[in-house]
Amino acid sequence: MKIIRLFTVTCFVVFVSFFCNKVVAQAAGITNTSVSPYAKLHSVPMGDVKWTNGFWADRFQVCKDSMILNMWQLLDNPDTLHHAFRNFQIAAGLASGNHYGAPFMDGDFYKWLESVAAIYSVTKSKRLDSLMTYVINVIVKAQRKDGYIHTPVLIAEKNNDISQKELQTNLSFEDYNMGHLMTAACVYYRATGKKSLLNAAEKAADFLSNYYKIIPSGLARTAICPSHYMGLVELYRTTRDPKYLALAERLLNLRDSVKNGADQNQDRIPFRQQTRAMGHAVRANYLYAGAADLYMETGDKTLLNPLMKIWKDVVYRKMYITGGCGALYDGVSPDGTTYDQASIQQVHQAYGRDYQLPNFTAHDETCANIGNVLWNWRMLQITGNEKYADVMELALYNSVLSGISLNGKSFLYSNPLAFNKLVPFHLRWTSKIRDPYIGLSFCCPPNVVRTIAEVNDYLYSLCEDGIYFNLYGGNQLSTKLKDGTTLELSETTNYPWDGNIAIVLKKVPKRAYCVCLRIPQWCESASIKINGKNYNEPIHSGSYVKINRVWQAKDKIELSLPMPVKLMQSNPLVENTRNQVAIKRGPIVYCLESVDLPLGDNILNVAIDKNEQWKKDMIQMNNTPILSLKTNATLLPRQNWSNALYHSVSEKKSTPISIRMVPYFSWANRGKDDMTVWMPFRGN
């Protein structure tokens with residue numbers, strides 16, 4: 001059956017390639033689904049959306065001025081543990097020495113390069129153009145003639161070290177690295193029109209194509225952390241060469257043929273039979289995103305069906321309130337559900353059991369949360385269903401942005417929902433909060449930087465007869481529709497601090513055209529005005545309101561998304577948060593930090609009262625405007641817990657206390673203070 005499926009897909013892509021240009025027009029979105037037959041939506045071309053003011057304009061500015069340049073200094077520094085660029089220079093014969101750093105460092109360098117290209121698509125900075133040209137020349141020179149590129153092996157070959165061989169272990173990360181090369185190359189081509197990196201990516205893909213034609217079955221598991229599914233499909237979309245899509249399909253089929261696989265790598269059970277999220281959360285979410293890409297090109301419903309089931313498992317049973325994924329630092333799978341102990345396997349950085357969502361020990365890796373965005377972005381493109389945009393927005397504003405400091409120069413690898421100095425153990429990723437250089441694993445910093453650089457490319461989607469507003473922020477859009485018509489509009493808003501959004505249409509099609517406004521699930525009483533008049537059709541939370549009419553230049557749409565402060569509770573099966581509440585306003589999850597409490601008061605003793613009022617208070621944090629929330633809470637009586645595990649309930653009276661809460665993404669920007677998202681609830 002797998003051979004038949006592969007043959008069918010190959011014939012299909014040959015057919016599509018025959019009727020399409022060999023190379024797609026340079027103008028394309030961050031994921032180019034413009035001619036994907038099973039995608040309902042496609043993104044606007046890179047550079048067509050420009051931030052003007054507000055939240056994301058500020059983050060983009062910090063990304064442009066601080067994040068990418070600070071990261072270049074880290075990656076170009078030969079004295080750091082992961083001197084990523086020096087590895088390429090050594091592999092290219094431009095320097096001497098040995099490889100240093102993790103085997104996946106090449107891929108992380110490509111992520112940084114992708115972020116530079118994304119920034120360049122908007123700014124057209126000559127400085128960034130020159131920097132990318134310099135870097136790419138070295139990468140191209142390092143690549144082997146047969147297309148293979150992986151600096152640990154290339155450097156070993158130059159040093160006559162036979163201990164390193166190509167694609168021999170599942171922890172070499174070669175496919176992961178080359179997958180990120182392919183994605184970065186497509187973005188670079190769309191941003192600049194230059195094919196130097198694209199040519200290198202094609203050579204790498206050709207190497208993999210040749211290699212996997214003759215691969216022994218025992219090496220089928222070398223494709224770990226599968227960024228290459230996304231990379232190969234994007235390369236196909238860019239070049240229209242059907243062999244890249246066929247290779248992506250072959251590789252996914254190959255993982256399904258693995259014998260004695262592991263939940264850690266999502267290959268104990270064939271992907272097409274999976275119904276639950278399991279194992280390493282980054283690898284899982286990358287797999288789900290890649291499978292969604294494959295579906296958009298092939299229409300293979302045996303890929304879409306498990307994605308739908310796994311999505312429900314994640315969102316309804318395994319995702320943090322911040323959109324974060326991967327509860328466990330270390331664990332086992334299956335965990336406590338089998339009598340066959342021989343079948344139990346170790347997992348790490350992993351999805352846990354249903355409702356297993358600890359706070360202090362949450363792993364919640366930044367890369368996994370970015371993978372959640374990538375996956376849901378693709379599900380949105382497939383379906384046009386608002387619920388996927390909800391998850392994207394939730395993760396972006398909370399568990400993705402938390403991964404980088406407000407000044408763009410220090411990082412979080414894991415994103416716990418509570419931190420306290422009294423906890424008598426040190427987890428491997430939280431001993432140093434906001435690390436300026438995560439020496440052992442630098443995958444998250446460039447990943448979050450490229451995500452911030454590309455948020456503008458997620459704002460809008462186009463379909464045959466309309467435009468979808470997926471995310472909101474102050475911006476200007478100028479794009480061409482398929483029929484050549486120009487669409488221009490401006491959006492003014494202080495979102496996410498304020499739910500009032502004003503959209504002014506400047507150039508519009510002369511025909512009827514649908515404006516599809518996203519109404520988030522969290523918004524219960526949205527309203528719309530068009531040219532000052534109320535829009536009286538039904539408006540439902542968790543949907544797109546589709547307004548189809550012949551628009552005129554200067555038409556104004558006013559969307560109001562009220563943002564009351566909400567006290568959120570979890571499913572009672574989440575043991576760690578039973579009888580506790582979290583604070584959420586709009587898409588933003590809030591937390592309490594000890595720096596905002598009187599000296600000596602324990603953050604663990606603060607309880608939220610149901611009937612207290614909340615006051616908005618805009619503050620500055622690291623030169624960044626932040627909307628904080630103030631209220632009166634209850635300080636529970638102090639207990640002496642020294643050498644005690646249990647106590648009788650104190651007879652002392654609780655006392656009132658004024659507290660300030662800040663967005664979760666901003667925690668640990670004022671020092672290494674205690675923090676919590678969930679707090680005891682007093683409902684009287």
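Figures for the structure shown
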| item | result |
| --- | --- |
| Three-way shape call for region 154-293 based on the alpha-carbon gyration tensor, with the a/c threshold at 1.5 | oblate |
| Cα-based equivalent ellipsoid, region 73-230: semi-axes from gyration tensor eigenvalues, Å | 25, 19, 13 |
| Local electrostatic count, residue 139, Cβ distance below 14 Å [Lys/Arg +1, Asp/Glu -1] | +2 |
| Proximal aspartates and glutamates to residue 482, defined as alpha-carbon separation beneath 18 angstrom and excluding residues fewer than eight positions away on the same chain | 48, 457, 464, 465 |
| Computed helical MRE - 222 nm, the chain, DSSP H runs ≥ 4 contributing -39500 (n - 2.57), nearest 500 | -10000 deg cm²/dmol |
| Those chymotrypsin sites (Phe, Trp or Tyr not before Pro) in region 387-467 that DSSP places in a loop and that have at most 10 other beta carbons within 10 Å | 425 |
| Listed peptides 232-244, 444-456 by packing density, highest first (mean Cβ within 10 Å) | 444-456, 232-244 |
| Pairs from 40/510; 213/243; 652/672 whose Cα-Cα separation, in the structure shown, is over 21 Å | 40/510; 652/672 |
| Centroid-to-centroid separation of region 229-271 and region 628-661 [C-alpha atoms, Å] | 53 |
| Orientation-averaged projected area, Cα convex hull of region 342-399 (nm²) | 5.5 |
| Tail beyond 38 Å, pair distance distribution of the chain (Cα, percent) | 35 |
| Sequence-distant lysines (8 or more away, or on other chains) whose Cα lies within less than 21 Å of residue 158 | 141, 145, 203 |
| Surrounding net charge for residue 323, when Lys and Arg each add one and Asp and Glu each subtract one, Cβ distance under 10 Å | -3 |
| Counted charge near residue 519, where neighbours are those whose Cβ lies closer than 13 Å (Asp, Glu -1; Lys, Arg +1) | -2 |
| Accessible area of the chain belonging to carbon and sulfur atoms, whole % at 1.4 Å probe | 52 |
| For the chain: relative contact order, % (alpha-carbon pairs under 8 angstrom, 6 or more apart) | 13 |
| Å² of accessible area per residue within the chain, as computed with a 1.4 Å probe and no ligands counted | 39 |
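The values are calculated or read from the model by the stated rules, or taken from the named source; none is laboratory data. Bear in mind that the values here come from a model prediction, so they are computed numbers and not experimental data. A quick note on method: Cβ atoms are made from the backbone with ideal geometry, for glycine too, and the neighbour counts reach across all protein chains shown. Calculation scope for accessible area: heavy atoms of the full protein, side chains included, ligands and nucleic acids excluded. Shrake-Rupley method; radii C 1.70, N 1.55, O 1.52, S 1.80 Å.
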